[in-house]
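Some notes on the structure that comes next.
Nothing in this text is a laboratory measurement; each read-out follows from the coordinates by a stated rule. Just so it is clear, the model here is predicted, and its values are computed rather than measured. Because the Cβ atoms are built from the backbone with ideal geometry, glycine has one as well, and the counts that use them run over all protein chains shown.
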Amino acid sequence: MFAAGAAVGLLGGMVGLGGAEFRLPLLISLFGFAALAAVILNKAMSLVVVLAALPARLTAVPVSELAAHWSVAVNLLAGSLLGAWAGASWAVRMRSSTLYKVLAVLMVLMAAALLATRITTMGTLDLPRGAQLVAGVVAGFGIGVVAAIMGVAGGELLIPTIVLLYGADIKIAGSLSLLVSLPTMLVAFARYSRDGSFAVLGSNLRFTTIMVTASVTGAVLGGLLLGVIPDLILIPVLAVILFVSAIKLARHD
């Protein structure tokens, strides 16, 4: 359990993410959790990892600097909070076989997002203010849905969205993504709790604690190793891992 959690944290830390997209297939394939239980466990672990990463982010990017971009977070939250509620509602109502296939498709989306944003140069969309606001709400909604269904923080999608829509620096985008992720994840938690889905956390508390501790440890180590392996090598390897995992989930009964 610790080795798996540490590996997930390490992979995520080396590309500046939390690693939840790599943890989800392990929870299903290696540890045998059903799809919805795996999503909820992944969401709980992701929340702790994000909270652990927040102080470091605020040290790297001061609050005063983030405050200048408060409208970006509000714009995305207007959509992501609704998306998180909707995504969690759909997840608890889906048949397990359907949820496996949906997760597989979303993992392919994450792999594509990694490839598109980490090994290519991102520009900025020059949209009129009104169109930018609408695009922010729509993008936020979609990201909230994906984050709720997969049990991830959504930084893989939030960071490039912030750069593309608002022209923010990548470091600012990383910190803003955490500020959007936290309330979005809490809304998804609130929706999941209505159906008694949190019982899986209580019955797997030891497992969750070990995995979270290992993930945070691995993420810190991965952060220290950031840049050691060139993105042109690391990102395609991680994308292949996600693609293979997606194929296995799609075939899951």
Ranked output for segments 202-209, 33-40, 132-139 by mean other Cβ atoms within 10 Å, highest leading, reads 33-40, 132-139, 202-209
Karplus-derived 3J(HN,Hα) from phi for the stretch 188-200 (6.51 cos²θ - 1.76 cosθ + 1.60, θ = phi - 60°), whole Hz, x at Gly and Pro, runs 4, 4, 4, 5, 4, 5, 5, 9, x, 5, 6, 4, 5
Taking the stretch 103-253, the equivalent ellipsoid from its C-alpha gyration tensor has semi-axes in Å, biggest first, of 27, 22, 17
Shape call for the stretch 21-88, from the Cα gyration tensor axes a ≥ b ≥ c (a/c under 1.5 means rounded, otherwise prolate when a/b beats b/c, else oblate), comes out oblate
Percent of all Cα-Cα pairs per 5 Å bin for the stretch 173-253, counting from 0 up to the last occupied bin, reads 3, 10, 9, 13, 23, 23, 12, 5, 1
From the Cα centre of the stretch 21-76 to that of the stretch 134-210, the distance in Å is 6 Å
Whole-Hz Karplus couplings 3J(HN,Hα) for the stretch 73-89, θ = phi - 60° and coefficients 6.51, -1.76, 1.60, Gly and Pro as x, run 4, 5, 4, 5, 5, 4, x, 5, 5, 5, x, 5, 5, 5, x, 5, 5
Looking only at lysines whose Cα falls under 16 Å of residue 101's and that sit 8 or more positions away or on another chain, we get 248
Computed about the Cα centre, the charge dipole of the stretch 110-226 from +1 Lys/Arg and -1 Asp/Glu charges at the Cβ has a magnitude in debye, to the nearest 20, of 180 debye
Residue span residue 124 to residue 68: 0.36 nm per residue of separation minus Cα-Cα distance leaves a gain in nm of 18.3 nm
Among 182, 224, 99, the residue with the largest mean-square fluctuation in a Gaussian network model of the chain built from Cα contacts under 10 Å is 224
HN-Hα couplings for the stretch 4-13 via Karplus (6.51, -1.76, 1.60; θ = phi - 60°), in whole Hz with x for Gly/Pro, come out as 5, x, 5, 5, 4, x, 4, 4, x, x
Within the set 117, 217, 59, GNM on the chain using Cα springs under 10 Å gives the largest fluctuation to 59
Volume per residue (Å³) of the convex hull spanned by the alpha carbons of the chain is 110 Å³
Filtering trypsin sites (Lys or Arg not before Pro) in the stretch 68-137 by DSSP loop and by at most 11 other Cβ atoms within 10 Å leaves 95
Pseudo-spin-label distance residue 31 to residue 186, built 7 Å along Cα→Cβ, given in nm, is 2.5 nm
Rounded to the nearest 500, the 222 nm mean residue ellipticity computed for the chain from DSSP H runs (n ≥ 4, each -39500 (n - 2.57)) alone is -27000 deg cm²/dmol
